[in-house]
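Worksheet: one structure, shown below.
The values are calculated or read from the model by the stated rules, or taken from the named source; none is laboratory data. Predicted model, so just to flag it, every value in this text is computed and none were measured. Glycine gets a Cβ as well: all are built from the backbone with ideal geometry, and neighbour counts include every protein chain shown. Side chains are part of the model used for accessible areas, which takes the heavy atoms of the whole protein and leaves out ligands, DNA and RNA. Shrake-Rupley method; radii C 1.70, N 1.55, O 1.52, S 1.80 Å.
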Amino acid sequence: MKKYLLSIYQPEGDPPENLDEIMEELEGLNREMQAAGAWVFAAGLHGPESATVIRVQGDRALVTDGPYIESKEHFGGFTVIQAADLDEALQWAERLAGILTPLAIEVRPIQE
């Protein structure tokens, strides 16, 4: 089985009013993925303002606060799954996107 990263991109701003309902549906999908043997790991991230970026220039590390890229959308969380192939991973991603509408889900295979 290959592993895939399902990245969740969300806009800046306040969370939706129905966040509790969304989280309940998300937990249900996670339980379903676990029962199917597809779920590996999932996590939500703090907002981009909590990020710290480190770049090495020569022999010095430059540390800056804030996101790597200023954007109206940010990487908000992820799920790692295992699936037989990309088609199966896309089916799980479609289910995830249905719960998190209108957020975008990016699917990428993980190099092993």
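Table for the structure above
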read-out	value
Considering residues of the stretch 32-41 that are open to solvent by 40 Å² or more (accessible area, probe 1.4 Å) and part of a helix (DSSP H, G or I) only, the residue nearest to A97 (Cα to Cα)	E32
Residue that is most open to solvent (accessible area, probe 1.4 Å) [pool: residues in the stretch 87-112 that are part of a helix (DSSP H, G or I) and charged (D, E, K, R)]	E94
The stretch 42-83, residues that are closer than 19 Å to L5 by Cβ, open to solvent by 70 Å² or more (accessible area, probe 1.4 Å) and part of a loop (DSSP other than H, G, I, E, B)	L45, H46, Y68, I69
In the stretch 1-17, residue farthest from D65 (Cα to Cα) [restricted to those that are open to solvent by 70 Å² or more (accessible area, probe 1.4 Å) and in a loop (DSSP other than H, G, I, E, B)]	M1
Within the stretch 82-112, tally of residues that are among the hydrophobic types (A, V, I, L, M, F, W, C) and more than 17 Å from E25 (Cβ to Cβ)	8
Residue pairs meeting the criteria (Cβ under 8 Å; at least 6 apart or on separate chains; first more than 24 Å from Q82 (Cβ to Cβ), in the stretch 7-36; second among the hydrophobic types (A, V, I, L, M, F, W, C) and part of a helix (DSSP H, G or I))	P16/I22; I22/I99
Residue pairs meeting the criteria (Cβ under 7 Å; at least 6 apart or on separate chains; first within 17 Å of T79 (Cα to Cα), in the stretch 40-59; second part of a strand (DSSP E or B) and open to solvent by 70 Å² or more (accessible area, probe 1.4 Å))	L45/F75
